[in-house]
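Working notes for the structure below.
The numbers here are math on the coordinates, done by the rules we state, and not lab data. The shown structure was predicted, so the numbers you read here are calculated from the model rather than taken from an experiment. Reconstructed Cβ throughout: ideal geometry from the backbone, glycine too, with neighbour counts over all protein chains shown.
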Amino acid sequence: MIGLISATAAGAAARDRLAAAWPDRTRVYDGPVREAVRAAFAECDRLVCFLATGATVRLLAPLLDDKATDPGVVCVDEGGRFAVSLVGGHGGGANELAREVGALLGAEPVVTTATDAVGLPGLDTLGFPAEGAVAAVSRALLDGEPVALEADFAWPLPPLPFAGAAGSAHVVRLTDRAVGAGPGEVLLRPPSLVVGVGASRGVPAEEVIALVEGALADAGLSAASIAHLATVDAKADEAGVVEAARHLGVPLVTYPAGELAAVEVPNPSGAPLAAVGTPSVAEAAALVGGGELLVPKRKSERADGTPAMATCAVVRRPGRGRLAVVGLGPGARDLLTPRAEAELRGAAVLVGLDQYVDQIRDLLRPGTRVLESGLGAEEERARTAVAEARRGRTVALIGSGDAGVYAMASPALAEASDDIDVVGVPGVTAALAAAALLGAPLGHDHVSISLSDLHTPWEVIERRVRAAAEADIVVTFYNPRSRGRDWQLPKALGILAEHREPVTPVGVVRNASRPDGTTRVTTLAGLDPASVDMMTVVTVGNTATRLIAGRMVTPRGYRWQEETP
Ligand code: SAH
């Protein structure tokens, strides 16, 4: 029971909303607050006090005894803006309650205990079944107690702070075996098993179900880990197979006979070849996505001794790793997208340049393995990220701005194979961040050109600058200038100047969106290259770009130019 205590009219209004939403979980304690708190503390397992934290602390102080048995207490301010987990965050359930109350009242939950503050995912929220001591082991993880992970095979998981050695009191066992959970143990059942099924026309569902269940039982495998049943397209509507999949609560996936015929199997046969055009259905359909054949083809048994109408085979498919290539934006935290943030929190392995890792380290969950390296190690970072994903892990590879723009996405995808999932999360590029500061310089066609001749011969860069100059395209120069690479920017500006007026507006933005950022607007003739460094982008307008009220504006069309004398 949750005891509710309030002192003022505003507090009572919020209290009544809670009481109305949770009539069976809450009890209102009226009367003088000191007595109300004392009574609720004795009778309830949790309290919500609609009082200032100071007042609540004073009322609770003489009552507090042992964090293992005291009720958890949440404080909500009179304005209903914050739900503060005050005491009993973990054991008393106050952290959880603060979140629930916050969600209900539209208040910000305030949780100050270390592990909870970074929000660990619950073991029952991983997207597949968890059996056993889920609550106790989740709590142990939250409390920072040692929890051992014992995985029968690699499977992508979000970051969890597994620290326990084998033999810990708390164990998370990732398995598809038909074992029961021991005390202090959680069994995670990832969808690792693919069951291939072959069937004759008119096969009864019971025959398929008995065959599959028998095969799993004999092999010591758990039906909770079945990902799907798989068969040939021709059997997509075979009622007995469809019904068996429904009975097992898994999808039925079908493949064209030609695709199955190409899969190498240990037990091909002439019968399915004649009937549906592939020498194997059960084994081939189970193996089509790769994996280990745990149960080779076996046939159903019929009580009356008539020929079997179903075959099945069971494969453990490899856990597919996931590589997210995540753009962090130009620097400011509020220019990092929510999707990028979610990927960072969900990554078990984070790979990136050390200075970019520093930018987002506070967002990582405990248990995230960080593989950071210094400037220049690009290829190695790409290889590492892909290798980690191929080991079945959830990996985020980070880059500033957009990770696909002069950054990690292309070296990584050049290394990647089709045995991992790859997702890209777009980011706000330096060019876009700079443009927003300058005004609207990219209002018409524009390009980005990197002036770094580290990976690209200068002739190629120059040809592209010339093409942009001739085509009157707005240009943003990346990597414009560094120590020891100082002649390229003047040279490129000179090429543009052959086709644009000396007064063409040029924007110089250094450290866009970062605390020490600067934005300047000058002209093609007026730009001092020495004022530009590697933290800068330089945006050169086209022949229509104008300065309006100090802002760079490129019109969307050329009518403006015609109208301007
Ligand atoms: N992937 C990044 C670009 C990386 S290349 C993006 O999409 O923006 C590195 C170059 O980007 C730097 O030399 C600089 O020219 C530019 N750059 C990156 N961040 C910047 C920022 N905050 N302000 C100005 N220029 C920046």
By Cβ neighbour count within 10 Å, fewest first, E145, E470 rank E470, E145
Say the dipole of the chain comes from +1 at the beta carbon of Lys and Arg and -1 at that of Asp and Glu; which of F41, L104, V276 then lies farthest toward its positive end?
L104
L413 label point, 7 Å along Cα→Cβ, cut-off 19 Å on backbone N: hits in the stretch 379-403?
379-390, 395-403
³J(HN,Hα) across the stretch 101-112 via Karplus (A = 6.51, B = -1.76, C = 1.60, θ = phi - 60°), whole Hz, x for Gly/Pro?
5, x, 4, 6, 9, x, 9, 7, x, 10, 10, 10
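Report the extension gain between A549 and H247 in nm, rounded to one decimal, defined as 0.36 nm multiplied by the number of residues separating them, less their alpha carbon distance.
On the way: separation 302, 0.36 × 302 = 108.72 nm, distance 6.99 nm.
That pair, A549 and H247, stretches by 101.7 nm at full extension.
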List the residues, sorted by chain then number, that are 5 or more residues from A230 or on another chain and whose placed amide H is less than 5 Å from its amide H.
V195, G196, V197, V253
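By average Cβ neighbour count within 10 Å, what is the ranking of 275-288, 526-539 from highest down? Walk me through the numbers on the way to the answer.
Numbers: 275-288: 24.4, 526-539: 17.6.
Those peptides, ordered most packed to least, come out 275-288, 526-539.
How much mean residue ellipticity at 222 nm does the chain get from its helices, if each DSSP H run of length 4 or more adds -39500 (n - 2.57) and you divide by all residues, to the nearest 500 deg cm²/dmol?
So the helix-based figure for the chain works out to -8500 deg cm²/dmol.
Given a Förster radius of 41 Å and the C-beta distance between A497 and Q355 as r, what FRET efficiency does 1/(1 + (r/R0)^6) yield to the nearest 0.05? Before the final figure, lay out each step's value.
Numbers: r = 34 Å, r/R0 = 0.84.
Efficiency for this residue pair is about 0.75.
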Please identify the trypsin sites (Lys or Arg not before Pro) of the stretch 478-518 that satisfy two criteria: DSSP loop assignment and at most 11 other Cβ atoms within 10 Å. Which are they?
R483
Ordered by fewest other Cβ atoms within 10 Å, a rough proxy for footprinting exposure, C75, C312 read C75, C312
About the Cα centre, charge dipole magnitude for the chain (Lys/Arg +1, Asp/Glu -1 at Cβ), debye:
840 debye
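Give me the number: length gained by fully extending D16 to A210, i.e. 0.36 nm times residue separation minus the C-alpha to C-alpha distance, one decimal in nm. Intermediate values should be presented prior to the final figure.
On the way: separation 194, 0.36 × 194 = 69.84 nm, distance 5.50 nm.
Contour length minus the Cα-Cα distance gives 64.3 nm.
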What residues qualify as long-range amide H neighbours of V325, i.e. H under 5 Å apart, gap of 5 or more or another chain, H built at 1.01 Å from N?
L397, V423, G424, V425
How large is Rg/Rh for the chain, to two decimals, with Cα atoms and a Kirkwood Rh?
1.10
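So if each residue of separation counts as 0.36 nm, and I subtract the Cα-Cα distance between R139 and R27, what length gain in nm does that give? List each step's numbers first, then the result.
Values: separation 112, 0.36 × 112 = 40.32 nm, distance 2.63 nm.
Extending this stretch completely gives an extra 37.7 nm.
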Ranked on Cβ counts within 10 Å of their own Cβ, fewest leading, T543, T394, T337 go T543, T337, T394
Sequence-distant residues sharing a close amide H with E150 (under 5 Å, placed H)
V172, R173, L174
